[in-house]
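Engineer: Take this structure, written in structure tokens, and hold onto it; I'll ask about it next.
The values are calculated or read from the model by the stated rules, or taken from the named source; none is laboratory data. Treat the numbers as computed from the prediction; the structure is a model and nothing was measured. Cβ: placed from backbone, ideal geometry, glycine included. Neighbour counts: every protein chain shown.
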Amino acid sequence: MIRVNIVVEGQTEEVFVGQTLVPYFANKGIIVNARRVKTGSKRGEIFKGGGDNYEKIRNDIIRWTKEDKDAWITTMFDLYGIPKNFPGIGEVSTQPDPYVKIANLERAFEDDIAYHKFIPYIQLHEFESVLLSEPMKMMEYFIEDREACERLDNLVSGFDSPEHINQSAYNAPSKRIIREIPAYEKLKSTAGPLIADAIGIDVIMRKCRHFSDWINKICGIRDIE
């Protein structure tokens, strides 16, 4: 069996992997496992989650490659809020095309990790982009918010794809959802993965090109090994 370890940014992504990606890849003969990036420790307590410093991310990836040399390793970090010391970030700061920007960042990321079983992935622009693949599915969790879901659905229709939705502090996907459905802010780590699961990987891949490329790269490992 092929195994893939995924270093994720936070609890929402960790639950999403366990709930949605694990069964999806299991059907394709690939075992995936996720853990939040280790950000520090104090008196024996390990702190996980968040990606505010690239060195912490890098150290955790390298640590896991040494702990599990037979597995492939990939990542799931948001472009929105990416660390200021991330490889290549200065060179893409003015790049308007999100796909060109993300390709350059992931190339710099891959070069810096320099591990033959590493697949870099940065989410455009954050996890909530996948929820905007089909906003009406949010009613699976927020059943009384039909009008809010309809407004989000209309919003998405004004963009080329959910992955194009603005990454600014005010207009990031999560901020747009929270403005329409305030309850999402406190429930995102449970509601987000459940909604994504209701939407389904096939729909998300159809609507989100970069996410689709990532899933296909992982599936493509079978052709390499």
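Engineer: Just need a number here: residues in the range 164-202 that are over 15 Å from residue 78 (Cβ atoms) and not in a helix (DSSP H, G or I).
Structural biologist: 5
Engineer: Hey, another quick one. Answer yes or no as to whether residue 172 is among the small types (Gly, Ala, Ser), touching a Gly at 6+ places or on another chain (Cβ under 9 Å) and either over 30 Å from residue 88 (Cα atoms) or at pLDDT below 95 (or both). Steps first, answer last, please.
Structural biologist: Values: among the small types (Gly, Ala, Ser): yes; touching a Gly at 6+ places or on another chain (Cβ under 9 Å): yes; either over 30 Å from residue 88 (Cα atoms) or at pLDDT below 95 (or both): yes.
In short, yes.
Engineer: Select from the range 112-156 the residues that are acidic (Asp, Glu) and touching a residue at least 60 places away in the same chain (Cβ under 8 Å) and write down the one among them that is nearest to residue 99 (Cα to Cα). Walk me through it before giving the result.
Structural biologist: Step one: of the range 112-156, the residues acidic (Asp, Glu) are 112, 126, 128, 134, 140, 144-145, 147, 150, 153.
Then drop every residue that is not touching a residue at least 60 places away in the same chain (Cβ under 8 Å), which leaves 128, 134.
Working: 128: 17, 134: 21 Å.
Out of the qualifying residues, it is 128.
Engineer: Scan the range 142-157 and give yes if some residue there is out of contact with any Pro (no Cβ under 7 Å at 6 or more places or on another chain), surrounded by fewer than 21 Cβ atoms within 10 Å (Cβ to Cβ) and under 25 Å from residue 82 (Cβ atoms), otherwise no.
Structural biologist: Step one: list which residues in the range 142-157 are out of contact with any Pro (no Cβ under 7 Å at 6 or more places or on another chain), which gives 142-148, 150-151, 154-155, 157.
Filter again for surrounded by fewer than 21 Cβ atoms within 10 Å (Cβ to Cβ), leaving 142-148, 150-151, 154-155, 157.
Remaining after also requiring under 25 Å from residue 82 (Cβ atoms): 155.
Looking for residues that are out of contact with any Pro (no Cβ under 7 Å at 6 or more places or on another chain), surrounded by fewer than 21 Cβ atoms within 10 Å (Cβ to Cβ) and under 25 Å from residue 82 (Cβ atoms), one finds at least one in the range 142-157, hence yes.
Engineer: Return the only residue of 212, 168 being outside the structural domain of residue 96 (by TED's automatic domain parsing) and either loosely packed, with under 15 Cβ neighbours inside 10 Å or not aromatic (Phe, Trp, Tyr) (or both).
Structural biologist: Working: 212 fails: outside the structural domain of residue 96 (by TED's automatic domain parsing).
Criteria check complete, one pass: 168.
Engineer: Of the numbered conditions (1) part of a helix (DSSP H, G or I); (2) over 22 Å from residue 174 (Cα atoms); (3) modelled with pLDDT of 95 or more; (4) out of contact with any Cys (no Cβ under 9 Å at 6 or more places or on another chain), residue 115 fails exactly one; give the number of that condition.
Structural biologist: (1)
Engineer: Then there is this: Modelled with pLDDT of 90 or more and not small (Gly, Ala, Ser): does that describe residue 97?
Structural biologist: On the way: modelled with pLDDT of 90 or more: yes; not small (Gly, Ala, Ser): yes.
Yes.
Engineer: For the range 16-36, give me the residue count where each residue is under 17 Å from residue 205 (Cα atoms) and in contact with a strand residue (DSSP E or B) (Cβ under 7 Å, 6 or more places away or on another chain). So that I can check it myself, show each step before the final result.
Structural biologist: Here is the first cut: in the range 16-36, the ones under 17 Å from residue 205 (Cα atoms) are 16-17, 19-25, 27-28.
With the extra rule that they be in contact with a strand residue (DSSP E or B) (Cβ under 7 Å, 6 or more places away or on another chain), the set shrinks to 17, 21-22, 25.
Count: 4.
Engineer: Can you find, within the range 23-63, the residue that is modelled with the lowest pLDDT among those that are of a type in the set (A, V, I, L, M, F, W, C) and crowded, with 17+ Cβ neighbours inside 10 Å?
Structural biologist: Top of the filtered list is 37.
Engineer: On to the next question. Can you tell me which residue is surrounded by the fewest Cβ atoms within 10 Å (Cβ to Cβ) among those in the range 64-80 that are in a loop (DSSP other than H, G, I, E, B) and in contact (Cβ under 8 Å) with a residue 60 or more places away in the chain?
Structural biologist: Applying the filter and picking the extreme gives 70.
Engineer: Name the one entry in 133, 129 that is under 21 Å from the mean Cα position of the chain (by Cα), part of a loop (DSSP other than H, G, I, E, B), buried (at least 21 other Cβ atoms within 10 Å of the Cβ) and modelled with pLDDT of 95 or more. I'd like the intermediate steps shown before the answer.
Structural biologist: Working: 129 fails: part of a loop (DSSP other than H, G, I, E, B).
Sole residue among the options that is under 21 Å from the mean Cα position of the chain (by Cα), part of a loop (DSSP other than H, G, I, E, B), buried (at least 21 other Cβ atoms within 10 Å of the Cβ) and modelled with pLDDT of 95 or more: 133.
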